[in-house]
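No lab work stands behind these numbers, since they all come straight from the coordinates. Small disclaimer: the values here were computed from a predicted structure and weren't measured. Cβ coordinates were reconstructed from backbone atoms using ideal geometry, including for glycine residues, and neighbour counts include every protein chain displayed.
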Amino acid sequence: MFIENLEEKNIILVNAVDKDTVLKKLCRVIFETGKVSSEEILEERVLHREKLMSTGIGLGVGVPHVRCEGVKNVVLAMAVSDSPIAGYDSIDGTPVRIVVMIVVPEHNHRQHILILSDIVQLLKDSAKRTAILSAHSSEEIYKSLR
Amino acid sequence: MAFLHNIIFSNVNILLLIGLAIFGGTFGGRLFQKLRIPQVVGYIVIGIILGESFLNIINAKMLAELDPINSFALGLIGFTMGNELRLNVFKKYGKQFMSILFYEAMGAFVCVFVLIFIGASFMFSLKMAFVFALLFGPISSATAAAGTTDVLNEYKTKGILTTTLLGIVALDDVFALFLYAITSSIAGNFLGHGDVSLAENILEPLYEIGGSVVVGVISGLLLSRLLNRYTDKDRILDFTLGAVLFILGLAAVLKIDMIMTSMIMGTIFANKVPKKSSQVFGAVESFAPPIYILFFVFVGAKFNISQMSIPIAVFIVIFLIARTAGKMLGANLGARLSKAPLKVQKYLPMCLFSQSGVAIALSIISSQRFPGVIGNTILIVVTTTTFVVQLIGPPFIRYAVKKADEVNKDITESDVIKSMRAKDVMKSLPAIREDQTVQNIVHTFSENDSFDYAVVDSDNKPIGCITVASIKDALSTENLLSLLVAADIMEPVGYSVTPDTSVEVIQHEMSIHAIDYALVVDAQQNYIGFIENRFIDQFISKKMLEVSVTV
């Protein structure tokens, strides 16, 4: 479910960024897909959600996720950083370098949970994570997820 | 002024007239209700204003054209009255009903007969006076359902006085028809109109009543079978109204009694499928008010002050006094002899003044059978007295049912819902904060007995709701439990209301939004409580139980 909804063009490589910057960059990527009506609302929702509880799920992975009004379909975006993302807390204390953002229409409650679960399951695999972190382009990352 | 009158009123068509009558009648009814007078009086007063006595918007010709509406109203009244005639009630009170019915009807007949004879003998020959007495007597014995049921419905009465009153009103028309058959035959022979024999005169009402019973029973059985198949309220109403109209038309073709036929159809239906009856009669009662308003507006419009003359005025006064006294004395005597409860003995005599359908029908028959002075006098006197008793009768019924402590006892679920506000049914359940984890939320569910909870932000403003279904989805993915907060699994706010929002509106909105809960917020939009559909059901059940215990 995760792979089917992630497009190669929505994968970005970042370096030396803090949490807010990477989240805003991902919001921009998602907005540019044309499936979200307002970048401002999306950003506001994503940052508000992070205030409630950090989405750093451990193992160096962050999964910011929101259900948002004005979203037509599920949209995913991914950022891979060459260094730990500053200010991104995670439950096991491991610095976050892989961030997958999930944006789901407001009423797609079940789909939201399923995609989130799918991502967590996939990125638990250390070989996958290593492949992602050692990739040099979006294309390589995309292939490593397959 | 005459020019203006022509422009405004000469082009009054039927639709305009009906609209005017319903609108004006409703306005008059509300106005009188505010003055604590039954609405029906307001409808009649508006009728008088619109009628020939004043504005002349509704004239006799129009009233004749609109007569099917009167028949429809009487048919609906008869049908809904049928619901009151339950077999178990008859088994219990049948003897009592018959005793009261006989004495109140005979009381009116005897008093009117004697006093009309005395009064008429001063103005006419003894022979004419005797004929007047013979014809006015039985007409006075009928009591109308219209004007009675209307007040009982308006004040939601229930109890032994209401049951007895409805039983009497439903049955004394039969008595009046028989009595009239006998006395009119005597009167005819007395005047030398020997064209119709006494036997023929008795056979005619026998045919009317027997025919009504046969048609009413068959149609009641067919309607029971038909409506038993449907649960949809609109379809039930369509079939029922169709059946009432069909039966009224058939009764007219067969020349049998319309009200009695529809009443028997209602009785058979109510006794055959009692579980369905509240839905069916409830649907008819929700449809009927505009038809009833028209009926009473037309009663008022029939009153024509220009037809008054001294003999007619004298007859009117005698008829009113004698009928009232006879009915009161007779009802009291009948109630005492049958050992009816004290409040029936005391207050029933005040409830039997109403007169319309059968009395007017008999006066029309009299005017045709005895053309000239006798027929015209009877027609005008009965029409006028109908108007007077329909004005004075309802306030007396209101007074009696109030004194008998039977007001506001016939409470239905829909009445309870209409009286309820959000604050009556909401529960002050704890809200879930948007940053609460799933483990914490599960704890909240286990501590309280609700299936749904509001989710609030840091300012206590509701932003969503968590249901058992949302918790179930979250729990189905074990690897996420520590990663999810309330904001992730909640549903967005479906519908929020203030404490004073009517529950009727809340139920309607819930069905539109396809949800079974509503959040209650104060003027500042802060969360204060939660409403679930089942809280509403529990409250209604409790209220209905309280009402039934009180009754």
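Given R0 = 30 Å, the distance between the Cβ atoms of B:S125 and B:E200 translates into a calculated FRET efficiency of 0.65.
Helical runs (DSSP H, four residues minimum) scored at -39500 (n - 2.57) apiece and divided by the length of chain A put the mean residue ellipticity at 222 nm at -13000 deg cm²/dmol. Stretching B:S278 away from B:N376 to a fully extended chain increases their span by 30.9 nm, per 0.36 nm per residue minus the current alpha-carbon distance.
A simple spin-label model places pseudo-atoms 7 Å from Cα toward Cβ; at A:E32 and B:A313 they are separated by 10.0 nm. Each residue of region B:408-551 gets 105 Å³ once the volume of the Cα convex hull is shared out per residue.
Mean residue ellipticity at 222 nm, helices only, chain B: -23500 deg cm²/dmol; runs of at least 4 DSSP H residues each add -39,500 (n - 2.57), and the sum is divided by the number of residues. The C-alpha atoms of chain B define a longest principal axis, and helix B:233-254 lies at about 10 degrees to it. Against the main long axis of the alpha-carbon atoms of chain B, helix B:67-82 sits at an angle near 70°. By the count of neighbouring beta-carbon atoms within 10 Å, fewest first, B:T477, A:T55, B:T157, B:T143 end up ordered B:T477, B:T157, A:T55, B:T143. Place +1 on the Cβ of every Lys and Arg and -1 on the Cβ of every Asp and Glu in the protein assembly as shown, take the dipole about the Cα centre, and give the residue among B:F387, B:M544, B:T467 whose Cα lies farthest towards its positive end. The residue sitting farthest along the positive end of the dipole is B:F387. Percent of Cα pairs in the protein assembly as shown per distance bin of 20 Å, from zero to the largest separation: 15, 34, 19, 17, 12, 3, 0.
For the segment B:479-489, counting C-beta atoms of other chains within 10 Å of every residue's C-beta and taking the mean gives 6. Summing Cβ point charges (Lys, Arg +1; Asp, Glu -1) relative to the Cα centre of chain B gives a dipole of roughly 2460 debye. On the basis of the beta-carbon distance and an R0 of 25 Å, B:K233 and B:Q33 show a calculated FRET efficiency of 0.40. About the centre of its Cα atoms, the protein assembly as shown shows a dipole size close to 2900 debye [charges on the beta carbon of Lys, Arg (+1) and Asp, Glu (-1) only; nearest 20 debye]. Ordering B:S286, B:S496 by the number of other Cβ atoms within 10 Å of each residue's own Cβ, fewest first, gives B:S286, B:S496. Counting only other chain Cβ atoms within 10 Å of each residue's Cβ, the peptide A:114-122 averages 3.
Let's test the formula: R0 of 45 Å, r as the Cβ-Cβ distance of B:A60 and B:E546. What FRET efficiency results, to the nearest 0.05? My answer for the efficiency is 0.30.
The magnitude of the dipole of region B:428-531, with charges of +1 and -1 set on the Cβ of Lys/Arg and Asp/Glu and taken from the Cα centre, is near 100 debye. Antiparallel beta bridges, as assigned by DSSP with both residues in region A:45-117, represent about 55 percent of the total such bridges. Each of B:T163, A:T33 has some number of other Cβ atoms within 10 Å of its Cβ, and from fewest to most they run A:T33, B:T163. Put the Cα centre of region B:235-252 next to the Cα centre of region A:44-111 and the gap is 66 Å.
Dipole orientation for the protein assembly as shown: of the candidates B:A313, A:V61, B:Y495, B:A313 has the Cα lying most toward the positive pole (charges on Cβ; Lys, Arg +1; Asp, Glu -1). Positive-end ranking of B:I441, B:I259, B:A325 along the dipole of the protein assembly as shown, with charges on Cβ about the Cα centre, is headed by B:A325. Taking each pair of distinct Cα atoms in region A:1-114 once, what is the resulting Kirkwood hydrodynamic radius in Å? Taking the inverse mean of 1/r over all distinct Cα pairs, region A:1-114 comes out at 13.9 Å.
For chain A, take the longest principal axis of its alpha carbons; what is the angle in degrees between that and the long axis of helix A:39-52, to the nearest 10 within 0 to 90? Once rounded, one gets 60 degrees.
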